[in-house]
Amino acid sequence: MTGIVHLVGAGPGDPGLLTVRAVELIAEADVVLYDRLIPPEALAHARPDAELVYVGKEGEGPQVPQADTHALLLGHARAGRRIVRLKGGDPFVFGRGGEEALVLRQAGVPFEVVPGVTAGVAAPAYAGIPVTHRDTASAVAFVTGHEDPAKPETGLDWPALARFPGTLVFYMGVRTLARIAERLVAGGRAESEPVAVVERGTLPGQRTLIATLGDVAERAAQEQIRAPAITLVGPVARLREQLAWLEARPLHGRIVAVTRARAQASALAAGLRSLGATVVETPAIRIRPLETTLPPLRVYDLVCVTSPNGAELLMDRLRDARDLAGITVAAIGPGTARALKERGIEPDVVPERAIAESLVEALEHVPVKRALIARAAEGRDVLPDALRARGVEVDVAALYESVPEPLADGAREAAAGADYLLFASASSVRFFAQAGGALEGPRLVSIGPATSDELRAHGAEPDVEAAPHTPDGLVDAVLRDARA
Ligand code: SAH
């Protein structure tokens, strides 16, 4: 039984530019053979038991000979595995994908190709440069520049490239920039021709240098432009002046560390990224569901849900939404209300401020005999105490607990180097500090009063407190602070 090889493009670096098909195939693969210039997030889609093998060879760092990659591909295929051969950008654009496909064809191994977003188009696009433009660029050429100044680009007809009627896009070639510029000028391109060099295109820290053929080598050296970079030659480079958009986003260049549990961090991270922030996830906390037995809900006339996790885990325990029929449902705040609505329950009571005291107030005139509070094991007792003081019979169902998780390699440093450090719960403050995370350096953003108090208990004053006390409120707090 022979396996199958998918030659898959991973895009230029921004994980959002992975294709849907690439993600699907990575998730199914038994083996992923990957290069250096792929977004690390791509590998997070792989099955936990998948074999992930680094076979990169470009640039500094470990080099895996191409013959070894071929041998690995054939070996895994003959063992009947599903293999994803993951390459930066597009697999058939300067990626040696063609070579690998030929080896597979000769060996009779089935393969398929999944194109990717190529750096030569994506890096300019993120820099605000369209590679073609009506009137000024009706053609575009992709050219390899080679990184080794000792190896001349033998295959290239420089006079023809100089005469090419359109945009020239050079892959590689940061170290041979001077020679590229010289040869184009020698071939007849004007020294004043605009050039853009885009370093780390679509990745955090992308930089763009706009120069001319005459001075690009010198300026790139001054600015210490490093690989990976795309060099684009042509009048379209000037459009960046008008079309630069990346740097215009409100959180561009800000690094935000999110200490939330990984499973919950993604919506928050997406909100921040869409505003241009670079997000590092540094969770020191994990949600562990508990095997609590729930009494039949019909004995209650009030069910209070005090977190989105509580909402999800409560609904998981029910047969369906009808189990809550006729019962008043209270959510502690808008985030929890949203989690309930997503599961088909419109809560009757939602205070504006997502804190227990506000919920107590909002419930003041609601007639209650027996209440269930669905929450975390470690929740505060403000709500049950206040209800009991009113003579309500209260059961507390601890549906989950937050447990500490050790900070991953490099997370401590990443958090310390961030501009903002976000805390979405008091327990995340506690566990982050316990795990050795520093509460000084970045500006501290807290989701609400309980989290702020916990920061103070650790000797740190929050710089910003979110209002409303929700993940959206947190994003908004960072935005307001960055603008101030
Ligand atoms: N198959 C890839 C190209 C591989 S060659 C693709 O289609 O994009 C490697 C070269 O691609 C690098 O030397 C650099 O010139 C370019 N490159 C890859 N990723 C890049 C990035 N994020 N920003 C700028 N250039 C990049």
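The values are calculated or read from the model by the stated rules, or taken from the named source; none is laboratory data. Everything quoted here is computed from the prediction, not taken from an experiment. Glycine also receives a Cβ, built like all others from the backbone with ideal geometry; neighbour counts cover every protein chain displayed. Please note that ligands, DNA and RNA were not included when accessible areas were found on the heavy atoms of the full protein model with its side chains. Shrake-Rupley method; radii C 1.70, N 1.55, O 1.52, S 1.80 Å.
Along the charge dipole of the range 4-116, pointing to its positive end and built from +1/-1 on Cβ of Lys, Arg, Asp and Glu, which listed residue (PRO115, ALA101, LEU7) has its Cα farthest out?
ALA101
Can you sort THR167, THR293 by 1.4 Å-probe accessible area, starting with the largest?
Reading off the accessible areas and sorting them downward yields THR293, THR167.
Within the range 1-31, list the residues whose amide N lies under 19 Å from a label point set 7 Å along Cα→Cβ of TRP245.
12-19
In whole percent, how big is the carbon plus sulfur part of the accessible area of the range 4-116, probe 1.4 Å, protein atoms only?
On the range 4-116, the fraction of accessible area on carbon and sulfur atoms equals 58 percent.
Give me the 1.4 Å probe accessible area per residue for the chain, excluding ligands and nucleic acids, in Å².
I get 46 Å² per residue for this part.
Rounded to the nearest 20 debye, what is the charge dipole size of the range 288-403 about its Cα centre when +1 sits on each Lys and Arg Cβ and -1 on each Asp and Glu Cβ?
For the range 288-403, the charge dipole is close to 200 debye.
For the chain, with the dipole built from +1 on Lys and Arg beta-carbon atoms and -1 on Asp and Glu ones, taken about the Cα centre, which of LEU455, VAL368, TYR126 lies farthest toward the positive end?
After comparing all options, I get TYR126.
Sorted by accessible area with a 1.4 angstrom probe, largest first, how do HIS45, HIS365 fall?
HIS365, HIS45
In whole Å and largest first, what semi-axes does the C-alpha gyration tensor of the chain yield when each eigenvalue is scaled by 5 and square-rooted?
In descending order, the three semi-axes are 53, 28, 19 Å.
Measuring from a point 7 Å past the Cα of ASP385 along Cα-to-C-beta, which residues in the range 457-471 have an amide N at less than 13 Å?
None, by backbone N distance to the label point.
For a quick check: with amide H placed at 1.01 Å from N, whose amide H comes under 5 Å from THR212's, ignoring anything fewer than 5 positions away on the same chain?
VAL195
Give the relative contact order (percent, whole number) for the chain; include only Cα pairs under 8 Å separated by 6+ residues.
11
Could you put MET1, MET172, MET315 in order of accessible surface area, largest first, with the 1.4 Å probe and the full protein assembly present?
MET1, MET172, MET315
About its Cα centre, what dipole magnitude does the chain give when the only charges are +1 on Lys and Arg Cβ and -1 on Asp and Glu Cβ, stated in debye to the nearest 20?
Dipole size: approximately 780 debye.
With charges only on Cβ, +1 for K and R and -1 for D and E, what is the dipole size of the range 121-246 about its Cα centre, in debye, rounded to 20?
180
Within the range 1-34, which residues have the backbone N less than 16 Å from the label spot 7 Å out from VAL64 along Cα→beta-carbon, could you tell me?
Inside the label zone: 5-10, 26, 29-34.
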